[in-house]
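None of the figures in this text is laboratory data; all of them are computed from the coordinates on show. Worth saying up front: this structure is predicted, and the values here are computed from it rather than measured. Here the Cβ positions follow ideal geometry from the backbone for every residue, glycine too, while neighbour counts run over all protein chains shown.
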Amino acid sequence: MTPGLVAAGKSVRLLQQLWGTLMLAQSIVSGLLVGSVYALIAVGLTLVWGIMEIVNFAHGSYLMLSMYICYVFYLLAGFDPLLSMPIAIIILFMLGIITYKTIISRIMQAPMLFQIFTTFGLMFLINYAMFFIAKPTFRTVKISFLDGVLKVGGLYLDNAMLVSSVVCTLAFIFLYAFLHLTKIGKGIRATTDNPRAALALGVDVEKMYAYTWGISLALVAVAGSVLSRILYTHPTVGDKFGLFAFVAVALGGFGSIYGAILGGLMIGLVGTVVGVYAIPWMKLPAVFAVFVLALVIRPQGLLGWK
Amino acid sequence: MEVMGVAGIEERLGEKPRKWALYVAVLVFLICLPLIVRGTYYRHILIFTLMYIVLAQAWNLIGGYAGQIALGNTVFFAIGAYTSSILLERADLTPWVGMWVGAFLAVVVSLALGFVVLHLRGHYFAMATIALGEIARLSFSNWRFVGGAQGISLPIHSPSLYYMQWANKVPYYYIILTMAVLVTLLVHRLHNSRFGFYAKAVKLDEVAARNRGINAFRLKQLAFALNAFITALVGTFYAQYIMYISPSSILLLVMSILIAVIAIVGGVGTVAGPILGAVFIFPLTEFLRAELGGLAMGLNYILFGAAAIFVVLVEPFGFVALVSRIRWSFVRRRGEVELGGAES
């Protein structure tokens, strides 16, 4: 064999290796970007669970609602969802408080079975009401602002995805500041730690529950707004995200905000890496399998305390 | 006290034959029902209502009695439906045998899955079973051996008992009626058995029950396996009746939830609950779907969701509680009159 051929073979192998690492890096980065959106949705879920031990199975439905709000504003005024995000946040915040006051406050003391099925009922109600109103048509928001692909050192980053994860990261920072710096935020944290002690110290616990629901859904509105730039808006679009949020919350530990963020990122990673390296359709089953395994091995979650 | 006790016994002795007479009358009525109900569509509703009675009774064992909120029952339903259908399609085996093979497989799977997930409590168990259902749906959709997303169409034969195929709906009605009666009798037996009492204890407080020497895990496994067994048998029935199965028609989370909601609306942990729930919910949503389907898509599900919330908020213990509350209010009124007489 001539030395030239050997050299060529070597360089091909080197190229392959480089390609391999690039692909791995690419899938990790994409996974983290998607994961940050999952994480934000999961944080909303974990807030409610942490403070009142109720799992909101309608979480994904509210996400779908916020996507439709963005779509409506796009349709009426041509708003970019990033622009209509504040409106979606306000509407969903109010919806959260209304949901708490009308339904959830009545089932706080009910057995778990009834709590689960009330939120399931809510899910059906919202999803199919949306079928009724919006018809099962796939709707898209067409935007040109911050569209396209960004190339950073051999990695391709989808701009829309990048914007989403930046927005989600900002939302985390806002949430952190809110929970630690404002009076309501401190009240929510106190109630999460110990409702009775908080009550004894003069925290209006009822109000904190209502606020938590509002904030939980406001976070969903942020996620919904950025998702409506990427995905089709459809009455059942939220279901998958709702399930993923449970997985993220369970992975990280119920009630733990950092756990939910960690869980969300992990789901994004597992999904993309399995999708790229194994069989594409195994993506979702892999995520759920990780979920069941995590539940069994460590029921309190990675960072859980309950 | 003595006198009251004797009176109670007398009343009971008088009541038992009356109750049995009622049951027999209902049974005779149900047997004669296809003679009255002639329309194919109405017969279809009858069959599906009975099917959901059986499914909800099975769920009631694990969800109502043992208190474990299983939301992945479609897995067992699909195992039953797919096993018998594949055996029929590829090996020409009669579904009468295939259904037992499917049920046996479902029990094996339920024991294996239960070994993992039955250690979980409360919400965790519910969510793990949802995840299992989703894994099954996605896997079946991509598994070529079971027909993938296209599913399986059963081969059409001339009507025969061997293939469990008939041109009209009456034989299917009697098959599912038999199943409903047998399963209801089984649950009734279990209700007043050691299983029923132990299950109640585990549901109320698992730790306390374990301290009393109840093997809670084994009990939950038994309930889960029985639930799987019955659900798989119904799965075969469904496959034979509809003649077409696919992941997008039988492996839906909606169905798992519907089964549970029927039992809950009727009244969990009671024998009559699933029956009342199915009789109320299924025909209502089906009529709405058929009558208003053109007007509004999914109106039946809107109603279904509203009903679930309403029942929980107004009468958390379901129709059974509502019925007994009405009955008790009569009894109490009568009792007050009698007591008033004794005091004076």
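Using the Stokes-Einstein relation with a Kirkwood hydrodynamic radius computed over Cα pairs, the translational diffusion coefficient of region A:23-117 at 25 °C and a viscosity of 0.890 mPa s comes to 158 µm²/s. Remark: A:LEU32, A:LEU63 ranked as A:LEU32, A:LEU63, counting other beta-carbon atoms within 10 Å and listing the fewest first. Percent of Cα pairs in region B:217-320 per distance bin of 10 Å, from zero to the largest separation: 13, 36, 38, 11, 1. Approximating the spin labels as points 7 Å out from Cα along Cα→Cβ, the B:ALA321-to-A:TYR258 distance works out to 4.2 nm. Each peptide in A:288-297, A:152-161 receives the mean, over its residues, of other Cβ atoms within 10 Å, and ordering these scores from highest gives A:288-297, A:152-161. Counting only other chain Cβ atoms within 10 Å of each residue's Cβ, the peptide B:118-125 averages 5. Roughly how crowded by other chains is peptide A:242-255, in terms of the mean Cβ count from those chains within 10 Å of each of its Cβ atoms? Counting Cβ atoms of other protein chains within 10 Å of each residue's Cβ and averaging gives 2. The shape of region A:230-296 can be summarised by an equivalent ellipsoid whose semi-axes, obtained from the alpha carbon gyration tensor, come to 19, 17, 10 Å from longest to shortest. Could you give the Stokes-Einstein D for the protein assembly as shown in µm² per second, using the C-alpha Kirkwood radius, 20 °C, 1.002 mPa s? Answer, rounded: 79 µm²/s. Structure note, pairs A:LYS135/A:LYS240; A:LYS283/B:LYS203; A:LYS142/A:LYS240; A:LYS240/B:LYS203; A:LYS186/A:LYS283: Cα-Cα distances above 29 angstrom occur for A:LYS283/B:LYS203; A:LYS240/B:LYS203; A:LYS186/A:LYS283.
Only residues of region B:231-260 count here: report those whose backbone N is under 11 Å from the spot 7 Å along Cα→Cβ of B:VAL170, or say none. Those under the cut-off are none; the list is empty. Its relative contact order, with pairs defined as Cα atoms under 8 Å and 6+ residues apart, puts region B:138-235 at 11 percent. Pairs of Cα atoms nearer than 8 Å and 6+ residues apart set the relative contact order; for chain B it is 28 percent.
Projected label points at A:THR140 and A:ARG106, each 7 Å from Cα along the beta carbon direction, are separated by 4.3 nanometres. Packing around the peptides B:38-51, A:46-59, B:228-241, taken as the average count of other Cβ atoms within 10 Å per residue, puts them in this order, highest first: B:228-241, A:46-59, B:38-51.
Summing Lys and Arg as +1 and Asp and Glu as -1 over all other residues whose Cβ lies under 13 Å from the Cβ of A:TYR100 gives a net charge of +2. Ranking of A:CYS168, A:CYS70 by neighbouring Cβ atoms within 10 Å, starting from the fewest: A:CYS168, A:CYS70.
Working from Cα pairs under 8 Å separated by at least six residues, relative contact order for chain A is 35 percent. Ellipticity at 222 nm from helices only: DSSP H runs of n ≥ 4 in chain A, each -39500 (n - 2.57), divided by the residue count, give -26000 deg cm²/dmol.
Hydrophobic long helices, here whole DSSP H runs in chain B with Kyte-Doolittle means of at least 0.0 and Cα atoms spread over 24 Å or more along the helix axis, are found at B:2-36, B:40-59, B:73-91, B:95-117, B:122-142, B:170-191, B:216-242, B:272-292, B:318-343. Between B:LEU252 and B:ARG194, the contour length at 0.36 nm per residue exceeds the Cα-Cα span by 17.5 nm.
Peptides A:175-182, A:205-212 ranked from most to least packed give A:205-212, A:175-182, packing being the mean of other C-beta atoms within 10 angstrom over each peptide's residues.
Using the Kirkwood radius over Cα pairs, work out the Stokes-Einstein diffusion coefficient for region B:37-343 at 4 °C and 1.567 mPa s, in µm²/s as a whole number. For the chosen part, D equals 64 µm²/s.
With the helix formula -39500 (n - 2.57) applied to DSSP H stretches of n ≥ 4, chain B reaches a computed 222 nm mean residue ellipticity of -26500 deg cm²/dmol.
A Förster distance of 45 Å, applied to the separation of the beta-carbon atoms of A:LYS186 and B:LEU313, puts the FRET efficiency at 0.90. Close amide H partners of A:ASP158, meaning residues 5 or more places away or on another chain with modelled amide H under 5 Å apart, are A:LEU150.
Just so you know, the Cα atoms of chain A work out to an Rg and Dmax of 21.5, 86 Å. So which lysines can B:LYS200 reach, going by Cα to Cα under 16 Å and dropping same-chain residues fewer than 8 places off? Within reach: B:LYS220. Extending 7 Å from the Cα toward the beta-carbon at both A:ASP204 and B:PHE104 defines two label points whose distance is 6.6 nm.
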